[in-house]
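Engineer: Please see the structure below; I have some questions.
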Amino acid sequence: MRRFLLPFYLALSGCVPVTPADMPSRAQTEPAGSSMPAVKVFNAPQPTPSVRANTDIARDFLELSFNLESGRSLPMLTRFEGPITVRVTGNPSSGLGSDLNRLLHRLRTEARIDIRQNQAENANITIEAVSRNEIRQLLPQAACFVAPNVSSLAQYRLARRTSLVNWTSLTERKRLSIFLPNDASPQEVRDCLHEELAQALGPLNDLYRLPDSVFNDDNVHTVLTGFDMLILRAYYDPSLRNGMNKNEVASRIGGILARINPRGAQYAPQRLTRTPRTWINSIQRALGPGASQQERLGAAKEAMQIAVAMGWNDHRRAFSHYAMGRLNMSVDLKSAREHFAIAARLYGQNPSTRLHAAYAASQLASFYIAEGDGTSALQQIGPHLDTAARYENAALLSTLMLQRAEALDLVGRSSEARTIRMDSLGWARYGFGPDWAVRAKLREISSLSPLKRGRG
């Protein structure tokens, strides 16, 4: 039965929760290169504005800006001063240029950051496109990362054990590099670009508490959200400067947010509790590398117990259930399904977790398809196709479309199924990359259906 169930996108397609040497990075996925039909790309971005109180956002800003992902504190705010220039070196993949142009335009218009591309050797930010293997040699669990005070991977290789690339020693950002894979899927490269450029410019921390941000190790959001752009705009507000300590920034961030985000005054503060390190460690053991299946399941149970003890009913509780669901798929399918259903219900309670809910719905749809219940599968999938498109997640969108095609076959609507299956391929090319990966996804989802099970 395991071969009829979907991969764990939510935990494995994005950032590893913790990375060596406090170096902001993104976890690796499969390589790219395809001969399939033309890649589809998303049109104009549709970022959703933040719907949280400014008092909550101010707290988020301070925790994002004065800590690293490892928990280490940063002594002062650091950022670029004046216009920021970006160059691309190495051997970039074909879609990097257009994705970078779109992102820089968003940073100028939404975050109000003066940032532009040029090819000058003294550019503030160098984006070097290299092979996955070259990145892996330096950070084995990373697909991409950002480092200060260097302009090439060769320079980083020489300096990586010195204070030169230590973020805690930084007093101002003048020069840094982002290292992206040139042999990954278009979506993986774009996701890396968004997260690493955001951390190159602004906060270096991630918070599981955030439901609507790429600054979150649950890896759901892969392009910068309205919340992220608001954080970056505040980060570059003229009333802040390099060298400010946490208390100095805290005295000003409320006024900044009141000015640039007046809508934040209309929402009641939620004051979500901090995420304890014990829960984070359990999630890391459950979803990270190196643990046995039994150890992963035990860690997921610990995370679940902590979530219950904390009294959470938010996306962190839902994520705990999602992890339990995925890890139970090899040992207890009934339990897995129950956890996915609880995760879907919890995610569905908050508009900020619509994308999370789409992942949970995809998992539940796989069960219905495997049972031959096309009608229930269609009900699960239908509300989430637009969500996947809005958040520019081609891997999820193509998966939902392929599931919808199988469900349509089950209810006798084969003509519609063929159309949507063909339409999904362009998105699958962007999301999964090489033709073998796209075909594997086609076979995997097709094998869910009792109409086709066992054909291959």
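Engineer: Could you calculate the contour length gain from Q305 to E134, that is, 0.36 nm times the residue separation minus the distance between their Cα atoms, to one decimal place in nm? Mind showing how you got there, number by number?
Structural biologist: On the way: separation 171, 0.36 × 171 = 61.56 nm, distance 3.95 nm.
Gain in length upon complete extension: 57.6 nm.
Engineer: A further question follows. I'd like the Karplus ³J(HN,Hα) series for region 69-80: coefficients 6.51, -1.76, 1.60, θ = phi - 60°, whole numbers in Hz, and an x wherever there's a Gly or Pro.
Structural biologist: Here the 3J(HN,Hα) series is 4, 6, x, 5, 7, 9, x, 7, 6, 10, 7, 7 Hz.
Engineer: Could I ask something else about it? Show the residues, 5+ positions off or on another chain, whose built amide H is closer than 5 Å to the amide H of E69.
Structural biologist: For E69, the qualifying residues are D206.
Engineer: Under 5 Å between amide H atoms, partner at least 5 residues away or on a different chain: which partners does S177 have, H built in plane at 1.01 Å?
Structural biologist: Residues meeting the amide H criterion: T126, A147, N149, V150.
Engineer: Let me check against my output: what whole-number percent is the relative contact order of the chain, with C-alpha pairs under 8 Å and at least 6 apart?
Structural biologist: Numbers: 848 pairs, mean separation 97.5, N = 456.
Answer for the chain is 21 percent.
Engineer: Something else: Averaged per residue, what accessible area in Å² does region 333-456 show with a 1.4 Å probe, protein chains only?
Structural biologist: Working: 4790 Å² over 124 residues.
Per-residue value: 39 Å².
Engineer: Would region 345-456 count as rounded, prolate or oblate if I go by the C-alpha gyration tensor, calling it rounded below 1.5 in a/c and otherwise prolate when a/b exceeds b/c, oblate otherwise?
Structural biologist: Details: a/c = 1.82, a/b = 1.21, b/c = 1.50.
Since a/c reaches 1.5 but b/c is at least a/b, the shape of region 345-456 is classed as oblate.
Engineer: Order I342, I231 by their accessible area, 1.4 angstrom probe, all chains in place, largest first. Show your work: numbers first, answer last.
Structural biologist: Details: I342 55, I231 0 Å².
Accessible-area ranking of I342, I231, largest first: I342, I231.
Engineer: Shifting gears a bit: In whole Hz and in residue order, list the ³J(HN,Hα) couplings for region 351-365 that follow from phi through the Karplus curve 6.51 cos²θ - 1.76 cosθ + 1.60, θ = phi - 60°; x for Gly and Pro.
Structural biologist: Going residue by residue, I get x, 6, 10, 4, 5, 4, 4, 5, 5, 5, 5, 4, 5, 5, 4 Hz, with x marking Gly and Pro.
Engineer: Quick check: net charge around P75, other residues with Cβ under 12 Å of its Cβ, Lys/Arg +1 and Asp/Glu -1?
Structural biologist: Numbers: positive: R72, K246; negative: E248.
Its environment carries a net charge of +1.
Engineer: Next question. Report, by chain and number, residues whose modeled amide H sits under 5 Å from the one on G90, excluding near sequence neighbours (fewer than 5 apart, same chain).
Structural biologist: A129
Engineer: What ranking of K441, K40, K452 comes out by heavy-atom accessible area, probe 1.4 Å, highest first? Could you put the intermediate results ahead of the total?
Structural biologist: Numbers: K441 15, K40 60, K452 35 Å².
Greatest to least solvent exposure: K40, K452, K441.
Engineer: Shifting gears a bit: With θ taken as phi - 60° and the coefficients 6.51, -1.76 and 1.60, list the Karplus ³J(HN,Hα) couplings across region 419-425 in order, rounded to whole Hz; mark glycine and proline as x.
Structural biologist: Karplus values, whole Hz, x for Gly and Pro: 5, 6, 5, 5, 5, 6, 5.
Engineer: Within the set of other residues whose C-beta is less than 11 Å from the C-beta of S239, count the net charge using Lys and Arg as +1 and Asp and Glu as -1.
Structural biologist: Values: positive: R241, R252, R259; negative: D237, E248.
Taking every other residue near S239 into account, the sum is +1.
Engineer: In addition: By how many nm would the segment from S292 to N91 lengthen if fully extended, with 0.36 nm per residue of separation less the alpha-carbon distance?
Structural biologist: Details: separation 201, 0.36 × 201 = 72.36 nm, distance 3.71 nm.
Difference between extended and current length: 68.6 nm.
Engineer: If you don't mind, there's one more thing I want to ask. How far is helix 54-65 tilted, in degrees, relative to the longest principal axis of the Cα atoms in the chain, given as a value from 0 to 90 rounded to the nearest 10?
Structural biologist: The answer is roughly 80 degrees.
Engineer: Against the longest principal axis of the chain, how steep is helix 315-328, in degrees 0 to 90 to the nearest 10, with axes from Cα atoms?
Structural biologist: In the chain, helix 315-328 runs at an angle near 50 degrees to the longest axis.
Engineer: Check cross-link reach from K441 to the lysines: straight Cα distance under 30 Å, and skip same-chain residues fewer than eight apart.
Structural biologist: Leaving aside lysines fewer than 8 places away in the same chain, those within reach of K441 are K40, K301, K334, K452.
Engineer: Let me ask something else. For region 252-326, which trypsin sites (Lys or Arg not before Pro) pass both filters: DSSP loop (anything but H, G, I, E, B) and at most 13 other C-beta atoms within 10 Å? Mind showing how you got there, number by number?
Structural biologist: On the way: sites: R252, R259, R263, R271, R274, R277, R285, R296, K301, R316, R317, R326; in loops: R271, R274.
Loop-located and lightly packed - R271, R274.
Engineer: Another question about this same structure. Find the accessible area per residue for region 54-208; the probe is 1.4 Å, ligands and nucleic acids are left out, and the unit is Å². All intermediate terms of the calculation are to be shown ahead of the outcome.
Structural biologist: Numbers: 5600 Å² over 155 residues.
That works out to 36 Å² per residue.
Engineer: List the GluC sites (Glu not before Pro) within region 105-149 that DSSP assigns to loop and that have no more than 13 neighbouring Cβ atoms inside 10 Å.
Structural biologist: Working: sites: E110, E121, E128, E134; in loops: E110, E121.
Passing sites in region 105-149 are E121.
Engineer: Another question, if that's okay. Which percent of the accessible heavy-atom area of region 229-288 goes to carbon and sulfur, probe 1.4 angstrom?
Structural biologist: Working: 1520 of 3020 Å².
The nonpolar share, carbon plus sulfur, comes to 50 percent.
Engineer: On a 0 to 90 degree scale, rounded to 10, what angle separates helix 186-201 from the longest Cα axis of the chain?
Structural biologist: Approximately 30 degrees, to the nearest ten.
Engineer: Filter the trypsin sites (Lys or Arg not before Pro) in region 111-193 to those in DSSP coil with at most 12 other Cβ atoms within 10 Å of their Cβ, and list the result. Before the final figure, lay out the partial values.
Structural biologist: Working: sites: R112, R116, R132, R136, R157, R160, R161, R173, K174, R175, R190; in loops: R112, R160, R161, R173, K174, R175.
Here the trypsin sites (Lys or Arg not before Pro) that fit, given the DSSP loop and packing criteria, are R161.
Engineer: Quick one: accessible surface of D314, probe radius 1.4 Å, all protein chains present, in square angstrom to the nearest 10.
Structural biologist: So the heavy atoms of D314 present about 30 Å² to solvent.
The values are calculated or read from the model by the stated rules, or taken from the named source; none is laboratory data. Remember, predicted model here, so these are calculated numbers, not experimental data. Reconstructed Cβ throughout: ideal geometry from the backbone, glycine too, with neighbour counts over all protein chains shown. Side chains are part of the model used for accessible areas, which takes the heavy atoms of the whole protein and leaves out ligands, DNA and RNA. Shrake-Rupley method; radii C 1.70, N 1.55, O 1.52, S 1.80 Å.
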